[in-house]
2 protein chains.
Amino acid sequence: MADILLTPGPTPLPPEVREALGRPIIHHRTSQYRAVFKRVLQGMQTVMQTSSSVVCLTSSGTGAMEAAVVNLLSPGDEAIVILGGKFAERWQKLCNVYGITVRAIPVAYGAAVDPKQLAVALKDYPNAKVVFTTLCETSTGIVNDLRSIAALTRKSQAVLVVDAISGLLADDCPTDQWGIDVLVAGSQKGLMLPPGLAFLSLNARAWELVERSKTPRFYTDLRLYRKSLADDDTPFTSAVSTVIALDEALKRILSMGVTQTIEHCGQLAAATRAGMKALGLELFSQRPSNGVTAVQVPAGVDGKQLTKIMYERSRVMVAGGQGEMAGKIFRFAHMGYISSEDIFAGMKALEAALASLGHPIKPDAGSRALQSMLQPSGA
Amino acid sequence: MADILLTPGPTPLPPEVREALGRPIIHHRTSQYRAVFKRVLQGMQTVMQTSSSVVCLTSSGTGAMEAAVVNLLSPGDEAIVILGGKFAERWQKLCNVYGITVRAIPVAYGAAVDPKQLAVALKDYPNAKVVFTTLCETSTGIVNDLRSIAALTRKSQAVLVVDAISGLLADDCPTDQWGIDVLVAGSQKGLMLPPGLAFLSLNARAWELVERSKTPRFYTDLRLYRKSLADDDTPFTSAVSTVIALDEALKRILSMGVTQTIEHCGQLAAATRAGMKALGLELFSQRPSNGVTAVQVPAGVDGKQLTKIMYERSRVMVAGGQGEMAGKIFRFAHMGYISSEDIFAGMKALEAALASLGHPIKPDAGSRALQSMLQPSGA
């Protein structure tokens with residue numbers, strides 16, 4: 001029995017992506033590969049909802065987050081970081097490592113930032129060059145109000161950098177329309193690929209900072225990547241097979257449409273939330289993302305046992321909580337190639353695991369609620 | 001007709017590697033994946049001929065070269081860099097970017113370093129903390145005399161860092177036996193994988209420098225990777241599919257044996273060189289590597305046309321020269337999954353291309369010489 005991955009990355013791979021990964025490899029300095037690479041970056045512009053150039057790194061998403069920090073800021077610069085989860089805190093850690101003065105906006109785990117907090121911070125720290133935030137905070141399942149965050153940041157001199165690694169193609173984020181300067185993405189979430197590629201879109205305001213940054217960098221030096229873009233190339237060897245698989249994934253995503261893909265995630269998310277509520281469970285996220293639903297482990301239930309039983313009995317893998325949330329929450333992803341059937345199997349596995357741990361639930365209440373929500377969409 | 005890749009990376013993928021790349025993805029924080037990751041790192045120790053811990057980065061080889069520089073050295077430190085080609089120069093560039101004082105040993109393109117030059121440099125610069133060099137310099141096809149380089153470096157306080165990205169499994173390099181402190185490798189050469197993974201082995205002397213380095217780093221911070229090794233894990237998401245494919249590639253390599261794999265490359269290299277000589281061509285490399293043969297484009301022949309014709313008529317892709325060597329040399333790789341049949345097809349393509357460009361050759365002289373060299377090995 002194959003595993004059913006409901007984890008927020010890696011997510012399952014569609015058949016044509018798997019086929020593309022297994023093709024004979026081609027050389028990356030050929031017209032054949034350049035044509036694919038060019039098409040893929042254009043597709044990424046569509047998916048990232050921007051006309052800005054998109055840069056592709058061979059790294060995990062964190063590599064692209066680091067690229068944003070070292071290319072936009074110099075030691076001693078000031079940046080506002082919106083906290084609220086493990087990945088938001090990664091911006092803070094990166095800034096600390098590179099000698100950036102961090103003006104942190106504290107946000108409770110499970111909450112989204114109140115844009116008013118950002119307004120205050122922008123007023124208090126007018127010299128901040130960058131605002132770092134997160135679209136979907138994978139660790140808590142919240143989606144930030146990027147439209148308001150961007151509108152506020154636009155009134156300042158700061159450039160807005162958004163970690164959309166797990167949010168891309170799940171939570172709507174029209175980069176150019178909202179005025180986001182840098183969007184960071186990764187391959188193993190909504191893009192339906194294995195991990196190993198990361199992306200950044202940068203607009204003209206962001207490139208100005210890149211030209212001015214004095215932070216030493218080489219592998220992540222975006223100036224080198226920008227120069228190579230003119231030849232539809234990269235300065236260092238690409239993860240060729242994953243780029244070719246991305247070409248297939250983008251065909252699937254673009255033939256469905258970006259808006260429709262996001263709406264589909266929204267339907268799965270709404271159904272998942274309805275199922276959880278029908279089981280009497282409480283959501284952890286106060287502003288839930290379309291990409292991942294974080295749920296509180298009910299009192300008296302061992303959260304680690306719960307996810308363990310789901311995997312061992314039903315081969316359904318959901319994510320537990322990270323850091324201080326370990327054992328207190330579990331997380332159902334519904335992004336990328338995760339289907340309504342996968343979510344249904346996950347809900348059944350959850351019901352069985354809760355029952356086996358002696359937690360009182362109405363039999364099948366979750367899966368029934370979920371099914372009734374999914375029917376109107378024809379799933 | 002499928003392309004025949006005789007390029008020094010990416011190299012062709014064996015069928016079981018392609019099958020593994022196309023498998024349904026598994027999650028990286030599972031006992032199943034951890035078991036694979038542990039086995040793979042043990043296999044890499046065997047392949048890298050070391051009992052030191054091996055770290056796996058999701059990046060191209062350059063990412064691991066950068067990791068070596070930033071983890072071993074602090075701004076203002078002194079390092080000796082052995083030059084002689086594009087990839088050796090990358091060490092110099094990296095050191096320059098990170099404020100390391102470079103003591104460069106000049107080496108002509110096509111030559112290997114004379115160990116006496118290193119002896120002088122080590123005497124002149126007793127404060128050098130690191131010696132950076134290259135096993136196989138892919139751009140010129142030479143292999144450095146690592147045994148002598150290591151023996152000399154051992155007598156100093158300096159740590160020896162070797163770029164074995166294209167040399168691993170082609171040119172023998174017993175890391176521990178010779179006293180190499182850090183070995184850097186990449187996935188897309190002798191390891192028969194797509195690009196996207198890079199490796200470093202570090203011994204105790206190297207880890208001491210890692211603990212002392214003050215250079216800011218995060219994605220390439222080897223302290224984080226070392227900590228995760230205890231759980232057979234990585235600090236940031238691995239390129240899961242490529243790691244699983246590496247498990248298959250290592251089964252193939254280890255069942256043949258490291259020594260035998262290197263000997264096989266040596267036989268292909270010797271046959272290739274014999275074929276080139278039979279065609280009246282001159283080798284560019286004064287100390288040729290087992291991994292790649294660099295050949296001078298004969299006078300009166302347009303080197304770019306030559307490789308173009310080989311590809312367009314015979315679908316054989318060889319590499320041209322890089323930088324100032326462009327058009328002056330071409331390079332036949334014989335590493336990884338490249339077979340004697342591939343080399344034979346390459347030689348036939350070369351003969352045809354030379355003839356079509358009006359360069360006088362004895363018909364079939366190269367392919368016949370090559371074949372006679374390969375027969376004794378049973379190929």
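The values are calculated or read from the model by the stated rules, or taken from the named source; none is laboratory data. None of these values were measured; they are calculated from a predicted model. Counting neighbours? That spans all protein chains shown, and the Cβs are built from the backbone with ideal geometry, glycine included.
Remarks
- Residue among B:TYR125, B:TYR98 that is touching a Phe, Trp or Tyr at 6+ places or on another chain (Cβ under 9 Å), hydroxyl-bearing (Ser, Thr, Tyr) and more than 30 Å from B:LEU283 (Cα to Cα): B:TYR98
- Taken together, B:GLY186, B:GLY190, B:GLY196 contain a single residue that is in contact with a strand residue (DSSP E or B) (Cβ under 7 Å, 6 or more places away or on another chain) and crowded, with 20+ Cβ neighbours inside 10 Å, which is B:GLY186.
- Filter result for the condition that a residue is among the small types (Gly, Ala, Ser), closer than 23 Å to A:SER187 by Cα and crowded, with 24+ Cβ neighbours inside 10 Å, over A:ALA333, A:ALA353: A:ALA333
- Note on segment A:160-208: residues that are of a type in the set (S, T, N, Q) and within 24 Å of A:HIS334 (Cβ to Cβ) total 4.
- Residue in segment B:215-231 that is in a loop (DSSP other than H, G, I, E, B), away from chain A (no Cβ under 14 Å), in contact (Cβ under 8 Å) with a residue 40 or more places away in the chain and under 13 Å from the mean Cα position of the chain (by Cα) present: no
- Taken over segment A:109-131, the criterion of being in a loop (DSSP other than H, G, I, E, B) and under 24 Å from the mean Cα position of the chain (by Cα) is satisfied by A:TYR109, A:GLY110, A:ALA111, A:ALA112, A:VAL113, A:ASP114, A:LYS129.
- Where a residue in segment B:128-147 is closer than 21 Å to B:ALA206 by Cα and its partner, wherever it lies, is among the charged types (D, E, K, R) and at pLDDT 95 or above, with Cβ under 7 Å and at least six apart: B:ALA128/B:GLU78; B:ALA128/B:ARG103; B:LYS129/B:ASP77; B:LYS129/B:GLU78; B:THR134/B:ASP163; B:LEU135/B:ASP163; B:LEU135/B:ASP171
- Condition check for B:SER289: buried (at least 21 other Cβ atoms within 10 Å of the Cβ), under 18 Å from the mean Cα position of the chain (by Cα) and hydroxyl-bearing (Ser, Thr, Tyr): yes
- Those helices (runs of 4 or more DSSP H) of segment B:262-379 in which 1 or more residues are modelled with pLDDT under 95, outside the structural domain of B:GLY190 (by TED's automatic domain parsing) and among the aliphatic types (A, V, I, L, M) occupy B:365-374.
- Being buried (at least 20 other Cβ atoms within 10 Å of the Cβ), hydroxyl-bearing (Ser, Thr, Tyr) and modelled with pLDDT of 95 or more is a property that does not hold for B:SER255.
- Across segment B:1-60, the qualifying residues are those that are more than 19 Å from the chain's Cα centre (by Cα) and among the hydroxyl-bearing types (Ser, Thr, Tyr), and the one among them that is nearest to B:ASP221 (Cα to Cα) is B:SER53.
- Taking first residues from segment A:152-178 that are closer than 23 Å to A:MET192 by Cα and partners that are surrounded by 24 or more Cβ atoms within 10 Å (Cβ to Cβ) and charged (D, E, K, R), the Cβ contacts under 6 Å between residues at least 6 apart in sequence or on separate chains come to A:SER166/A:LYS189.
- The set of residues in segment B:317-350 being within 11 Å of B:VAL295 (Cα to Cα) and among the charged types (D, E, K, R) consists of B:LYS328, B:ARG331.
- Evaluating B:ARG273 against the criteria (1) within 14 Å of chain A (Cβ to nearest Cβ); (2) on the phi < 0 side of the Ramachandran plot leaves one unmet condition, (1).
- Total residues in segment A:142-193, condition of a type in the set (Ser, Thr, Tyr) and either within 17 Å of A:LEU246 (Cβ to Cβ) or assigned to a loop (DSSP other than H, G, I, E, B) (or both): 3
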